[in-house]
Every structure is written in structure tokens, then in C-alpha cells.
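This report refers to the structure that appears directly beneath it.
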Amino acid sequence: MKIFFIILTLLQFSACSSKKSYILYSQDAPVANHSLSESISVKTIELPQYLLGREIPFLENKNEISYLKNRKWATYLDEHLTNRIISTLQKSFNTPKVYKYPQKTEPNILIKITINKFIAQKNSVILDATWSKNGESKLFFIEIPILSKDDVVDGMNRAFSALEKELVKDIDE
């Protein structure tokens, strides 16, 4: 009977543990130099396998990924980040002509983003990505310092915001 009460108590504490869900929120949209009359289509962002679930990864060492306890993404990142890019482009160029690929008509500009590495490790978040605009590829790499595992989501948000700014700048040229 004593074991039963111990197990019941442990279950109550585990049920009350703090489980949090996170999203990468859009910061202020970058300001473009002009409006865009062309239509833009964005393919679903390609992510590494460790980002396809809802767990938030942390690189413990060169070969070992762990996931932050009681923390997960509120949505799947590939869809969320694709929608975020579309929203950022719409706001940046003040145009509704930004769509998710495929669309009914052929776009003037086709954007494809592949994220090769997007993970926190030790005291930083690394984002290594490639994007192409109408088949012309660009490389992107940034390392954002963080203080602890509590700052992983904020670091990932700042890194992705930097990618968005570079993409807007590239389209604006």
C-alpha cells in the first residue's frame, strides 16, 4: 500500500511539471527599398531530420543530439517557418503577391530554402542554410550567442530573423 501512495505521488508531480510549447515569432519585417510588382512563390522549407518532430534539439557534442525536456514546438517547423517567410516577404514589400508553392500561375520569383543545420550547442545557436532565387543559390551562416539552454528559442529566433533579412535584401536587389 505504501508503494501505491509513492507511485501516485510521483504521478501527480510528473503531471504538474511545466510543459511549454514555443514558436519562432516574427520580429519587425525588414524594410525594402521599393514595392515589388512580381509574384513570389516560396517552397516548403527543407529541414534536417532532427527538426521534423516537435522536440527542440540541443547538440550535446559532435555526434549527440538531445532534446530539451518539457519543451516542444507548438507547430511543425517546416510549415511554420515557410509561413513566416511568406508573411515577412509580404510585409517587407507591401504586397500580397507572395504565395506558397505550388500556385496556379507560374511565379516571377521562386524561392527555395534548405536549412542544413539549425541547432543550439554549448553557448550558441547555429543556422547554416542555402536559398535559391530562380535557381541562383546563396549560402547563409550565422552563429548567435546564448547564455544557457533557456535561451535556445530566442537564439533560434534571432538567427532565423537574420536569414529573413538577408533574403529580403537579396530579393530587393
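Computed from the coordinates by the stated procedures, all read-outs in this text should not be read as laboratory data. Only a predicted model underlies this, so the values are computations on that prediction, with no experimental measurement involved. Quick reminder, even Gly has a Cβ in these numbers, built from the backbone with ideal geometry, and neighbours come from all protein chains shown.
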Item to complete: Quick one: which residues, 5+ away or cross-chain, put their amide H under 5 Å from the amide H of ILE23? H built at 1.01 Å from N.
Response: ALA74
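What range in the chain is the longest one free of chymotrypsin sites (Phe, Trp or Tyr not before Pro) that are in a loop by DSSP and have at most 15 other Cβ atoms within 10 angstrom?
Here the longest segment lacking exposed loop sites spans 77-173.
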Worksheet item: Within the chain, which DSSP H helices have Cα atoms that stretch 15 Å or more along the helix axis and a mean Kyte-Doolittle hydropathy of at least 0.0?
Response: 2-15
Worksheet entry | Zone of TYR50's modelled label, taken as backbone nitrogen in the stretch 98-142 under 11 Å from a point 7 Å along Cα→Cβ | 117-122, 126
Worksheet item: For the stretch 133-173, what log10 I(q)/I(0) values come out of the Debye formula at q = 0.15 1/Å, with one point per alpha carbon and no solvent?
Response: -0.45
Response to the item:
Expressed as a whole-number percentage, the relative contact order of the stretch 77-173 with C-alpha contacts under 8 angstrom and at least six residues apart is 20
Discussion item. Rg/Rh for the stretch 2-172 to two decimals, with Rh computed the Kirkwood way over all alpha-carbon pairs.
Written reply: 1.09
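With a sphere of radius 14 Å drawn around the Cβ of LEU77, what net charge do the other residues whose Cβ falls strictly inside it have (Lys, Arg +1; Asp, Glu -1)?
Every neighbour counted, the sum reads +1.
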Worksheet entry | Length-normalised contact order for the chain - Cα pairs under 8 Å, 6+ apart - percent | 25
Worksheet item: Quick one: putting +1 on the C-beta of Lys and Arg, -1 on the C-beta of Asp and Glu, what dipole do you get for the chain around its Cα centre, in Debye to the nearest 20?
Response: 660
Response to the item:
Largest fluctuation, GLN27, GLN49, GLN90 only, Gaussian network model of the chain with Cα springs under 10 angstrom, belongs to GLN49
Worksheet entry | Approximate spin-label separation SER35-GLU106, in nm, with each point projected 7 Å along Cα-to-Cβ | 2.6
Item to complete: Identify, among LEU147, VAL42, ALA74, the residue whose Cα sits farthest towards the positive end of the charge dipole of the chain, taking +1 on the Cβ of Lys and Arg and -1 on the Cβ of Asp and Glu, with the dipole about the Cα centre.
Response: ALA74
Item to complete: With a cut-off of at most 13 other beta carbons within 10 Å, and DSSP calling the residue loop, which trypsin sites (Lys or Arg not before Pro) in the stretch 77-173 qualify? Please list them.
Response: LYS104, LYS122
